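The values are calculated or read from the model by the stated rules, or taken from the named source; none is laboratory data. Computed from a predicted structure; not experimentally measured. Here the Cβ is made from the backbone with ideal geometry for all residues, glycine too, and neighbour counts use every protein chain on show. Side chains are part of the model used for accessible areas, which takes the heavy atoms of the whole protein and leaves out ligands, DNA and RNA. Shrake-Rupley method; radii C 1.70, N 1.55, O 1.52, S 1.80 Å.
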Amino acid sequence: MATAAAVVAREIPSPEQASLWSDAWRRLRRNRMALISTIYLVLLVLVALLAIFYTPYRMSAVGIAPTYSGPSQAHLLGADGVGRDVLSRLMIGAQISLIVGVGTQLLVVVVGVTVGLLAGYYRGWLDSVVTFIINVFYGIPDLLVALILVFLLGPSLTNIIIAIVVTRWMDMARMVRGQTLSMREREFIEAARASGAKPVKILFGHILPNALGPIIVQATFGVPAAILFEAFLSFLGVGIQPPTPSWGSMAADGIAALRIAPHIVLAPSIALSITLMAFNFLGDGLRDALDPRSRR
Amino acid sequence: MLTRGTLIYIGQRIVLIAFTVLAVSSIVFLGIHRLPGDALFSEHLHGQQYELLLHHYHLDEPLWIQYRDYLTGVVTRGDLGESLVNKGVQITPLVLRELTISAEVGAFALIFTIGLGLVLGVVAAVRQNTWVDYVLTTTSVIGYSMPNFVIATFLLLVFAVWLGNQTDGAFYYQIGGGWTGSIGQIWLPAFALGFPYASIVARLTRASMLEVIRQDYIRTARAKGLKETVIMVRHALRNALIPVTTILGPLVIGIITGSVIIENIFGIPGLGKEFAQSILNRDYAIVIGVFTMYAAMVGVANLGVDLLYVLIDPRIRY
Amino acid sequence: MPAPILQVRDLRTQFLTDGGVVTAVDGVSFDLFPGESLGIVGESGSGKSVTALSLLRLVPDPGRVVGGKVLFRNQDLLQLSDDEIRQIRGRDIAMIFQDPQSSLNPVLTTGFQIAEAMQAHGKAKAEANARTVELLKRVRIPAAESRVKDFPHQLSGGMRQRAMIAMGLANAPSILIADEPTTALDVTVQAQILELLGDLNRELGAAIVMITHNMGVVAGLCSRVIVMYAGHIVEEGPVEEIFERPQHPYTWSLLRSIPRVDALRHERLRSIEGIAPDLLRPPSGCRFHPRCPFRIERCFTDEPTLEEVATNQRAACWVTMERARREMHADDLLDIRPGAGSGVHPGEQI
């Protein structure tokens with residue numbers, strides 16, 4: 001994510017923007033927690049990529065170790081209730097979490113930014129409708145709506161992502177709408193409009209680049225929220241279906257054996273907590289870096 | 001405090017809540033009932049037996065008749081129908097009974113969340129940029145990064161497994177155990193429910209306090225010779241609470257959502273456990289009923305928050 | 001002359017900013033006598049408000065009083081413990097602020113905020129409440145009995161400032177510091193508030209320190225005036241003397257920037273040329289020299305100290321207006337750009 005900011009910096013032409021992004025990058029590097037988190041997340045991505053080609057054991061292979069056996073040299077994180085290797089399953093779980101987290105946020109950015117830009121720029125009835133829908137969504141427990149949706153659509157990775165996007169696009173849309181509303185009155189937008197620029201050009205050429213900072217921050221905070229949603233659904237048994245492991249379902253499986261084999265529940269719980277933490281620290285760091293006024 | 005205007009406002013809001021609840025209930029009802037494979041799903045039933053059951057639940061009628069009957073039942077009698085899995089079990093009394101259990105745990109969680117969050121937030125703000133502040137702001141990120149089921153697991157591990165023998169029965173979760181209803185057992189699930197949100201309240205309180213501490217009226221209070229604790233509590237915190245109140249709505253939603261998992265882990269026979277169980281059992285009628293109840297709870301909670309604003313901020317009148 | 005009630009000696013207050021250290025108050029010394037009304041005048045950034053806040057140790061972060069003495073009843077306020085200074089605040093020395101809108105707590109009733117000032121210094125609740133009504137009457141708030149229950153937002157700007165003054169007077173302090181109390185108010189209300197302060201000063205015998213940027217306010221209320229520029233006192237003396245014969249070019253410029261209805265000549269209103277100095281990098285020599293019409297070469301290098309220029313009147317200037325009038329024809333000067341009246345012109349030196 002931090003490198004993404006650096007890449008973006010090179011694409012932005014105006015010198016004022018460029019210094020904004022390089023300033024942000026410098027501030028981000030000074031934030032120790034954000035830096036540690038970035039390193040952890042890079043490692044996590046590498047582990048998830050590695051898991052495509054290699055896991056110590058097949059994640060669904062049953063009975064390769066004594067059931068409930070604790071960590072050993074052959075099985076670093078021990079085995080679960082049917083004798084599967086916990087480490088191998090944890091690695092696949094990392095894949096699932098990252099796909100859900102990043103995948104939903106990509107879709108949320110597309111949906112939220114489009115809706116937000118259009119509502120904020122054209123205002124009128126479109127804005128009223130969007131605002132109404134957003135307010136309705138805020139009034140109901142989003143996670144439970146996602147739960148019902150997955151339940152209706154049937155549990156699969158795609159459906160989980162769809163359900164999370166449906167319940168989580170409003171934050172992004174609301175933020176982008178607000179940014180657009182305030183920006184469309186600013187001089188440089190007025191100037192662009194006066195010089196006959198098309199709305200598409202104004203929206204994507206002028207407003208969007210200026211709202212990019214908050215969008216990145218919002219999306220970064222959205223990733224752990226989505227991962228949490230998936231874990232929640234899988235924990236309840238309506239998410240990722242066996243034998244594919246998810247950190248949520250692994251924790252749920254382990255809880256019954258809490259007394260005899262706590263490692264089964266601890267491994268995914270700790271992995272999940274640290275991952276969510278890393279994204280949140282990174283989000284904090286990005287926010288402080290991109291919007292210095294928000295500090296303190 | 002309760003002016004005529006406020007009462008009219010409350011009345012309007014209650015009507016609005018009622019309509020929202022009906023709308024949510026309808027959407028869920030229609031969404032579920034247009035599922036392929038009927039709302040009633042069971043592998044064990046065949047032929048005539050199945051037909052009889054369909055008829056018992058009026059599932060053989062056209063959807064719009066079912067919906068009309070359902071709606072009439074809800075509006076006129078508050079009747080949410082009958083469980084599809086456990087024949088003969090009326091949903092409304094079931095859900096109401098479970099609501100009292102969930103509300104008890106939820107209320108504890110809410111009190112705990114707000115109390116802890118406020119104290120930590122104020123301390124962090126007053127000690128801004130010291131190690132206390134640094135530790136608190138960092139741990140608050142850890143706090144809201146921990147899923148509630150992870151916190152619940154850790155609590156169970158510590159209290160049930162490692163200290164298990166000494167505190168046997170001092171927590172909800174016992175293998176083969178159940179609800180015993182004692183207040184003494186409530187704090188573990190309440191902690192697990194509230195902790196992530198306590199971190200958020202703490203962060204918000206800190207930011208809000210830092211904003212308020214810079215205000216001119218705090219300087220006035222100092223110039224009067226008030227004690228620092230009086231300034232912080234009476235003058236700063238009162239004002240800092242105004243933005244913090246905004247989070248109470250999402251907080252209630254969060255606790256409701258969290259209860260679906262926490263009640264399962266701790267074996268609390270409340271609304272959340274019922275909801276999760278019914279989803280897994282495919283007992284649609286209960287799913288709709290519980291969700292309707294949730295919509296009503298969120299509506300009432302948001303109304304409560306709006307009224308709280310009036311209490312905290314004299315500038316707000318409805 | 002009676003003994004001074006407050007003696008300020010070599011007060012220095014600094015702000016540690018990202019850009020460096022700003023010395024907002026730099027070696028300020030003055031006396032305040034019982035029952036007098038002293039004006040402290042200067043532009044924004046001159047250090048007048050920070051001086052006032054420093055006296056009660058109310059300087060906001062990142063500001064620090066770094067040196068000097070504030071002697072009140074033979075004790076140095078800067079050396080007191082936090083609890084001891086708290087006892088002085090509001091009881092012996094009270095302070096009222098510029099913007100009554102933001103200076104009153106929006107969620108507490110006005111009456112409560114006044115009563116609280118008395119309860120903080122040991123008065124019983126009932127007694128405090130009774131006196132609150134009395135105080136509101138004293139500052140001429142109509143229907144005082146019902147106004148005590150009003151929240152600040154229910155009062156007008158003028159009433160809010162009257163309530164602030166009532167709060168300041170609550171414990172009958174011997175010193176009342178008023179920091180730009182009229183700036184945020186309408187012109188007509190300004191006059192009423194000044195009149196009220198004047199009356200209270202005469203009736204109650206509390207010494208008033210009036211912080212303002214407005215020479216007109218000083219003329220209306222004060223008997224003595226201190227003029228500050230860039231953290232220094234540049235001139236002080238009795239109001240009549242200063243208005244009649246200002247000796248520092250800055251004071252002279254300030255007085256010329258007051259609109260006068262009795263102006264004989266059809267002259268343009270003159271504002272002071274140039275901008276206030278950047279206190280991160282204060283000018284060398286006399287801090288006013290970059291904007292001074294009468295500067296001489298010495299002003300660029302040497303810092304002047306306060307010297308007696310007449311009875312009770314002191315000024316920190318190498319030239320002084322007496323010489324400027326005599327040698328540079330100050331009174332006929334229409335062009336008051338920097339260096340205009342002197343032989344030294346911008347760009348010539350340094």
Build a GNM of chain A with springs between Cα atoms under 10 Å: which of A:A197, A:A225, A:A251 gets the top mean-square fluctuation? A:A197
HN-Hα J couplings of the range C:80-92 from phi, Karplus 6.51/-1.76/1.60, θ = phi - 60°, integer Hz, Gly and Pro as x? 5, 6, 4, 6, 5, 5, 4, 5, 6, 4, x, 9, 9
Accessible area lost on pairing C with B, both sides, 1.4 Å probe, Å² to nearest 100? 2000 Å²
Interface size A-B, as summed buried accessible area [1.4 Å probe, Å², nearest 100]: 3700 Å²
Any idea which of A:P243, A:V200, A:A173 is furthest toward the positive side of the dipole for the range A:78-294, if Lys and Arg beta-carbons carry +1 and Asp and Glu beta-carbons -1? A:V200
In nm, give the distance between the simple-model label positions of C:S223 and B:I312, each being 7 Å from the Cα along the Cα-to-Cβ direction. 5.0 nm
Partner chain coverage, peptide B:211-220 - average Cβ within 10 angstrom: 6
Bins of 5 Å from zero: percent of alpha-carbon pairs in the range A:78-294: 1, 7, 13, 15, 15, 14, 11, 8, 6, 4, 3, 2, 1, 0, 0
Once all protein chains are kept in place, B:M209 shows an accessible area at probe 1.4 Å, nearest 10 Å², of 0 Å²
In the protein assembly as shown the DSSP beta bridges are antiparallel at a rate, in percent to nearest 5, of 65 percent
Please find the FRET efficiency linking C:H329 to C:A191, where r is the Cβ-Cβ separation and R0 is fixed at 45 Å, and quote it to the nearest 0.05. 0.80
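Across peptide A:243-250, what mean number of C-beta atoms from other chains lies inside 10 Å of a residue's C-beta?
Partner-chain Cβ atoms within 10 Å, mean over residues of A:243-250: 1.
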For B:K224, B:K87, B:K273, A:K198, give the ranking by accessible area with the largest first, probe 1.4 Å. A:K198, B:K87, B:K273, B:K224
Dividing the convex hull volume of the alpha carbon atoms of the range C:6-222 by its residue count, what do you get in Å³ per residue? 125 Å³
How many angstrom lie between the C-alpha centres of the range C:115-153 and the range C:46-61? 27 Å
SASA check, C:K137, accessible area w/ 1.4 Å probe, all protein chains in place, rounded to nearest 10 Å², comes out at 110 Å²
Have a look at A:L212, A:L286, A:L233 and tell me which one the Gaussian network model of chain A (Cα, springs below 10 Å) gives the largest fluctuation. A:L212
Sorted peptide list for C:140-147, B:295-302, criterion being average Cβ within 10 angstrom, highest first: B:295-302, C:140-147
Per-residue Cβ counts within 10 Å, from other chains only, averaged over B:256-265: what number is that? 4
Surface per residue (accessible, 1.4 Å probe) for chain C, Å²: 44 Å²
Tell me the carbon and sulfur percent of the accessible area for chain B, rounded to whole percent, probe radius 1.4 Å. 66 percent
Taking only protein heavy atoms and a 1.4 Å probe, what accessible area per residue, in Å², does the range A:162-247 have with all protein chains in place? 38 Å²
Whole-Hz couplings from phi, Karplus 6.51/-1.76/1.60, listed for the range A:102-116; x for Gly and Pro: 6, x, 4, 5, 4, 5, 4, 4, 4, 5, x, 5, 4, 4, x
Which entries in B:K224/C:K149; B:K227/C:K69; C:K48/C:K137 show an alpha-carbon gap greater than 22 Å? B:K227/C:K69; C:K48/C:K137
With all protein chains present, how much of the accessible area of the range C:24-66 (probe radius 1.4 Å) comes from carbon and sulfur, to the nearest whole percent? 51 percent
Taking N as its residue count, the alpha carbon Rg of the protein assembly as shown over 2.2 N^0.38 Å: 1.19
Just grab the label-to-label distance for B:R68 and A:I260, each label 7 Å out from Cα along the Cβ direction, in nm (one decimal). 5.8 nm
Which value, in debye to the nearest 20, describes the size of the charge dipole of the protein assembly as shown about its Cα centre when Lys and Arg Cβ atoms bear +1, Asp and Glu Cβ atoms bear -1, and nothing else is charged? 220 debye
Run the numbers for B:T130 and B:L16: contour at 0.36 nm per residue of separation, minus the present Cα-Cα distance, in nm. 36.3 nm
Charge dipole of the range B:96-312 about the Cα centre (unit charges at C-beta), most positive-ward option of B:L110, B:T205, B:G249: B:T205
For B:L80, residues with placed amide H under 5 Å, excluding near neighbours: B:I91, B:T92
Which sequence of A:W25, B:W64, A:W125 reflects their accessible areas, 1.4 Å probe, from the largest down? A:W125, B:W64, A:W25
What residues does the range A:130-148 have that are buried by at least 50 Å² of accessible area in the full protein assembly compared to the chain on its own, 1.4 angstrom probe? A:P141, A:L144, A:I148
Sorted by accessible surface (1.4 Å probe, heavy atoms of the protein chains only), largest first, B:R127, C:R57, B:R234 come out as B:R127, B:R234, C:R57
Amide H to amide H under 5 Å from C:G27: which residues, 5+ apart in sequence or cross-chain, H placed 1.01 Å off N in plane? C:L11, C:R12, C:T13
With label points built 7 Å along Cα→Cβ from the Cα atoms of C:R281 and C:A130, find their separation and express it in nm. 6.4 nm
The range B:96-312 accessible area per residue, 1.4 Å probe, protein heavy atoms, integer Å², reads 37 Å²
Under Karplus coefficients 6.51, -1.76 and 1.60, residue-wise ³J(HN,Hα) of the range C:122-139 in Hz, glycine/proline x: x, 7, 5, 4, 4, 4, 4, 5, 5, 5, 4, 4, 4, 5, 5, 5, 4, 8
Any residues in the range C:159-185 that have 10 Å² or more less accessible area with all protein chains than in their chain alone, probe 1.4 Å, and which are they? C:M167
In whole angstrom, how far apart do the alpha carbon centroids of the range A:38-103 and the range B:224-298 sit? 34 Å
Surface accessible to a 1.4 Å probe, B:H56 within the full protein complex, Å²: 70 Å²
With the full set of protein chains in place, find how many percent of the accessible area of chain A is carbon and sulfur; take the probe as 1.4 Å. 66 percent
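Calculate the dipole size of the range A:125-194 relative to its Cα centre from +1 charges on Lys and Arg beta carbons and -1 charges on Asp and Glu beta carbons; express the result in debye to the nearest 20.
That gives the range A:125-194 a dipole magnitude of about 60 debye.
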